[in-house]
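Before anything else, here's the structure in question.
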Amino acid sequence: MDQSGNRIRHISEDDRPGYPEMARVFGRIGILSFGGPAAQIALMHRELVEERPWLEDQTFLRALSLCMMLPGPEAMQLATYCGWRLRGVTGGLIAGGLFVLPGALVIAALVWLYAAYGDLPLVSAAFLGIKAAVIAIVLQALIRLSGRAFPKSDGPWLAGMAFLAIFALNLPFPVIIAAAAFWGWVQADTVTDTAPVARPSGLGVLRIVTLWGGLWLLPLAVLSVTGPVLLADLGWFFAKLAVVTFGGAYAVLAYMTQTVVSDYGWLTTGQMIDALGLAETTPGPLILVTQFVAMLTTQLQGGVGLALAAGLVALWATFVPCFLWIFLAGPYVDWIAVQPRLAGALQAVTAAVVGVIANLSLWFALHVIFADLTQLGFGPVQMPWPVWSSLDPSAVILTGLAAVLLLPLKRGPAEVLALMAAAALGLSFVMA
């Protein structure tokens, strides 16, 4: 029994699965991993801890804490860690790869369908419902995260500062995250009653960084020299995104949207919201929206072949670093779990992410509900402001309906997206 009264089940070597069984179980997890990280983590816990004698509960929970500290999709990285814990690097590659692959295949098909039929009147009407559902889904993520993001008194203050920094000052997301982490590190209480854990040997760290860092970045460097400029730009942008994706995909979407729409002009605001809505309907991590953005950008400019290449580049730049972080940090799970300054930095980043997601929710709502926006402010303070005469009553009705379905009625995101698309089609006929 541990200190909480939970029974500790020790895993023997005979309980370790073979590669075919691992592929079957993690493939099943990948196919069924709808509903965001909370549902995905619960699915993994049931499959790997409760139903099979593969991992101890404390091992799983400590790994989850580690993955929340790392940049990137925590559920995919948790799957990778579980596979690594069971069968080393090969096991990690099987688990992480199968967690991403089903969703990536679905995304590729959705991009083709969207590019081919997205401009049809009926499809455009349905996407208004999807956009309304996206607003409610992001709002739900904000509510869930804010419920556990403020263990310290400075949490609401950090969230508010992060919101103003990105909404009014347009500060880059990496700067906001770095500032919050520094604040949490400095303010952390270093007095703890947790038993110390010996730090693992540093041997092998350089080898892992060299091998996986090279696998991640060298192909992008070669692409910069030999490939199309657009593919190289996409690859380096998503590689940079992979380093700052703390707090989940919702937190980084504001930064991604700002860069993709305003800086590069690859997609419109409406297309970015559609991309997020379609990514919500697929299994796997929501950060697969990077693949959608890359493929849609290139399909609109260069056709299907270039789009497939762009999808592979986006997947490589986004997910190879996940393997790097896990193979590098995996041996340090127990040691990292008891480091108060790291915990303080994570708490501060989590609080700041609440403000960033609040900005994303408001940004989406303004662009869906109003046809026209203007800029309000002076000097460095510039924020989007609605042109009230451009308000869309249909969008207001649909957004309210999506919020009711998702929050009080607690319907799942995929179900809400489907219902809202149907509701938008029906409303378009009524108001025609």
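The values are calculated or read from the model by the stated rules, or taken from the named source; none is laboratory data. Treat the numbers as computed from the prediction; the structure is a model and nothing was measured. Don't worry about glycine lacking a Cβ; one is built from the backbone with ideal geometry, like all the others, and counts go over all protein chains shown.
Filter the range 337-369 for residues that are outside any helix (DSSP H, G or I) and in contact (Cβ under 8 Å) with a residue 24 or more places away in the chain; which is farthest from the chain's Cα centre (by Cα)?
Going through the qualifying residues, I end up with 338.
Now, a different point. Please enumerate the residues belonging to the range 374-432 that are under 26 Å from residue 280 (Cβ atoms) and part of a strand (DSSP E or B).
Within the range 374-432, 384, 386, 391 meet the criteria.
Taking residue 90, is it touching a Cys at 6+ places or on another chain (Cβ under 7 Å) and of a type outside the set (A, V, I, L, M)?
Judged against the criteria, residue 90 is not a match.
Looking at the range 190-204, is at least one residue at pLDDT 80 or above and aliphatic (A, V, I, L, M)?
Within the range 190-204 (the criterion being at pLDDT 80 or above and aliphatic (A, V, I, L, M)), the answer is no, since none of the residues qualifies.
So, one more: With surrounded by 22 or more Cβ atoms within 10 Å (Cβ to Cβ) and of a type outside the set (S, T, N, Q) as the only criterion, which of 320, 354 stands out?
Every option except 354 fails the conditions.
Given (1) at pLDDT below 90; (2) among the polar types (S, T, N, Q); (3) assigned to a helix (DSSP H, G or I), where does residue 224 come up short, assuming only one miss?
Checking residue 224 against (1) at pLDDT below 90; (2) among the polar types (S, T, N, Q); (3) assigned to a helix (DSSP H, G or I), the one that fails is (1).
For the range 299-321, state whether one or more residues are closer than 26 Å to residue 414 by Cα, in contact with a Gly (Cβ under 6 Å, 6 or more places away or on another chain) and of a type outside the set (Asp, Glu).
No; the residues of the range 299-321 include none that is closer than 26 Å to residue 414 by Cα, in contact with a Gly (Cβ under 6 Å, 6 or more places away or on another chain) and of a type outside the set (Asp, Glu).
Scan the range 419-429 and give yes if some residue there is loosely packed, with under 15 Cβ neighbours inside 10 Å, in contact (Cβ under 8 Å) with a residue 40 or more places away in the chain and not aromatic (Phe, Trp, Tyr), otherwise no.
yes
Please return the ranges of helices (runs of 4 or more DSSP H) entirely within the range 10-109 where 1 or more residues are of a type in the set (Lys, Arg).
The helices (runs of 4 or more DSSP H) meeting that bar are 19-32, 57-69.
Against the condition buried (at least 17 other Cβ atoms within 10 Å of the Cβ) and assigned by TED's automatic domain parsing to the domain that holds residue 374, how does residue 168 come out, does it pass?
In short, no.
Continuing with the same structure: How many residues does the range 370-394 hold that are among the polar types (S, T, N, Q), under 17 Å from residue 258 (Cβ atoms) and in contact (Cβ under 8 Å) with a residue 24 or more places away in the chain?
Total satisfying the criteria: 1.
Can you name the condition, by its number, that residue 284 falls short on among (1) assigned to a helix (DSSP H, G or I); (2) crowded, with 19+ Cβ neighbours inside 10 Å?
Only one criterion in (1) assigned to a helix (DSSP H, G or I); (2) crowded, with 19+ Cβ neighbours inside 10 Å is unmet by residue 284, namely (1).
Would you point out which residue out of 235, 270, 284, 303 is over 17 Å from the mean Cα position of the chain (by Cα) and at positive phi?
Exactly one of 235, 270, 284, 303 is over 17 Å from the mean Cα position of the chain (by Cα) and at positive phi, namely 303.
A further question on this structure: I need a count of the residues in the range 292-304 that are surrounded by fewer than 24 Cβ atoms within 10 Å (Cβ to Cβ) and under 17 Å from residue 106 (Cα atoms).
Qualifying residue count for the region: 2.
Has the range 339-357 got any residue that is over 23 Å from residue 158 (Cβ atoms) and either outside the structural domain of residue 71 (by TED's automatic domain parsing) or of a type in the set (Val, Ile, Thr) (or both)?
No, the range 339-357 has no match at all.
Is it the case that the range 249-262 has a residue that's of a type outside the set (A, V, I, L, M), part of a loop (DSSP other than H, G, I, E, B) and at pLDDT below 90?
No: zero hits.
Identify all residues within the range 35-67 that are acidic (Asp, Glu) and farther than 21 Å from residue 332 by Cβ; write none if there are none.
47, 50, 51
Only one residue in 396, 416 is closer than 23 Å to residue 373 by Cβ, surrounded by 13 or more Cβ atoms within 10 Å (Cβ to Cβ) and assigned by TED's automatic domain parsing to the domain that holds residue 375. Which one?
Within the list 396, 416, the selection yields 396.
Answer with yes or no whether residue 123 is of a type outside the set (Gly, Ala, Ser), touching a helix residue (DSSP H, G or I) at 6+ places or on another chain (Cβ under 8 Å) and surrounded by fewer than 24 Cβ atoms within 10 Å (Cβ to Cβ).
Against the criterion (of a type outside the set (Gly, Ala, Ser), touching a helix residue (DSSP H, G or I) at 6+ places or on another chain (Cβ under 8 Å) and surrounded by fewer than 24 Cβ atoms within 10 Å (Cβ to Cβ)), residue 123 qualifies.
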